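The values are calculated or read from the model by the stated rules, or taken from the named source; none is laboratory data. Nothing here was measured: the structure is a model prediction, and the numbers come from that model. Cβ placement follows ideal geometry from the backbone for every residue including glycine, while neighbour counts extend to all protein chains displayed.
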Amino acid sequence: MAAIDHFNEDIARSRAIIDLADPLPHGTPAESLVRDDLLRSSWMFAVGASDAYFCDLYTDLLACVLMCKERQPNIALPRSILTTDVPLEAVYADYAQRQNWRWRMMARRRMERENVLAIDTIKQLLNPFLRDDHKLFGDVIDTWIAQPGATRWIFGLAPAAYQAQMAATAGELDQRIRERTQKGLRNSAAGALKRRYTAIIQRRHDCIHNCDRPKVALRRVRSANSVRRVVRDVEFLVANVDAHISTEFRQFLLGLGCSPQTVNQVGY
């Protein structure tokens with residue numbers, strides 16, 4: 001099953017927890033605490049689903065590159081991939097199954113003690129498998145902010161406002177000024193995206209490591225709808241990364257010199 005299929009199953013479980021918690025009574029402190037704890041669980045579940053997705057996705061991309069290299073030894077891999085630390089035990093183990101399993105197990109062992117709980121980590125792991133000018137997250141901002149589900153919560157301003165500001169720069173005759181202004185808008189939106197997901201992930205850490213008491217006092221969950229927004233934004237991130245990878249990874253492999261037949265054989 002593909003990483004995105006597991007993620008969709010897990011995010012549905014997260015939403016089911018919200019649906020369970022939302023109608024519960026919360027008139028007394030005890031009732032309110034139970035309801036809030038269920039909503040916290042949904043929040044943690046959503047972030048955990050994204051962590052599992054990114055780990056599984058990286059495992060698949062690395063294994064596919066190695067399988068392509070085995071089929072076509074002449075292709076030159078980027079240094080960012082060549083310098084990947086891999087467990088030799090997994091590489092040289094005996095496998096009764098097909099040879100492809102060796103590379104998948106090696107990639108899986110590479111990630112079994114890792115987590116992907118930061119935007120910078122996502123970029124570090126996935127960008128080596130993307131072409132220049134198609135990297136996460138700055139290169140995709142213009143496309144992503146036009147997607148359904150894009151909000152000012154994620155990008156710092158409403159999509160319509162971003163697009164209006166970008167369109168306004170088209171009238172600037174000086175190309176350098178126009179490019180600098182557009183770059184500034186993209187960087188601002190990318191920075192807002194990072195802050196949004198950093199805050200979502202940090203709250204998950206607070207729930208796990210100190211039962212949501214980052215500064216001694218227990219933080220409240222504002223509402224079920226606020227948690228729904230968190231789940232929605234986590235789903236937005238994963239869905240758009242998955243769509244981007246589905247298109248760009250094939251082009252990346254072809255750019256390395258892989259034949260279309262080889263790329264098809266590894267599932268892209």
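A few remarks follow.
- Pairs where the first residue, in segment 175-196, is free of Cβ contacts under 8 Å to residues at least 24 places away in the same chain and the second is in a helix (DSSP H, G or I) and β-branched (Val, Ile, Thr), C-beta under 6 Å, 6+ apart: Arg178/Thr169; Thr181/Thr169; Gln182/Thr169
- Figure legend. Inter-residue proximity from segment 221-233: first residues closer than 12 Å to Gly149 by Cβ and touching a residue at least 60 places away in the same chain (Cβ under 8 Å), second residues part of a helix (DSSP H, G or I) and charged (D, E, K, R), beta-carbon distance below 8 Å, spacing 6+ or different chains. Indicated pairs: Val231/Arg15; Asp233/Arg196.
Per-residue answers, yes or no, for (1) within 30 Å of Ser188 (Cβ to Cβ); (2) modelled with pLDDT of 90 or more; (3) of a type in the set (S, T, N, Q):
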site	(1), (2), (3)
Tyr95	no, no, no
Asn100	no, no, yes
Arg110	no, no, no
Ala118	yes, yes, no
Gln124	yes, yes, yes
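- Unique residue being farther than 25 Å from Ile141 by Cα, at pLDDT below 90 and under 15 Å from the mean Cα position of the chain (by Cα) when the list is Glu89, Glu114: Glu114
- Condition check for Ala167: more than 26 Å from Lys123 (Cα to Cα) and of a type outside the set (Phe, Trp, Tyr): yes
- Screening Leu193, Leu136 for residues that are farther than 16 Å from Trp43 by Cα, at pLDDT 95 or above, of a type in the set (A, V, I, L, M, F, W, C) and in contact with a Phe, Trp or Tyr (Cβ under 8 Å, 6 or more places away or on another chain) leaves exactly one candidate, Leu193.
- The set of residues in segment 214-249 being at pLDDT 95 or above, over 30 Å from Asn127 (Cα atoms) and not small (Gly, Ala, Ser) consists of Asn225 alone.
- Qualifying residue in segment 26-47 (condition: assigned to a helix (DSSP H, G or I), within 16 Å of the chain's Cα centre (by Cα), under 30 Å from Phe252 (Cα atoms) and not β-branched (Val, Ile, Thr)): yes
- Test for Thr28: is it among the β-branched types (Val, Ile, Thr) and without any contact (Cβ under 8 Å) to a residue 24 or more places away in the chain: yes
- Of all residues making up segment 126-149, the number that are surrounded by fewer than 19 Cβ atoms within 10 Å (Cβ to Cβ) and part of a loop (DSSP other than H, G, I, E, B): 9
- Scanning segment 58-71 for any residue that is without any contact (Cβ under 8 Å) to a residue 12 or more places away in the chain, farther than 30 Å from Arg186 by Cα and either touching a Gly at 6+ places or on another chain (Cβ under 7 Å) or of a type in the set (A, V, I, L, M, F, W, C) (or both) turns up nothing.
- Residues of segment 110-124 that turn out to be in a helix (DSSP H, G or I), closer than 19 Å to Phe236 by Cβ and hydrophobic (A, V, I, L, M, F, W, C), as a count: 2
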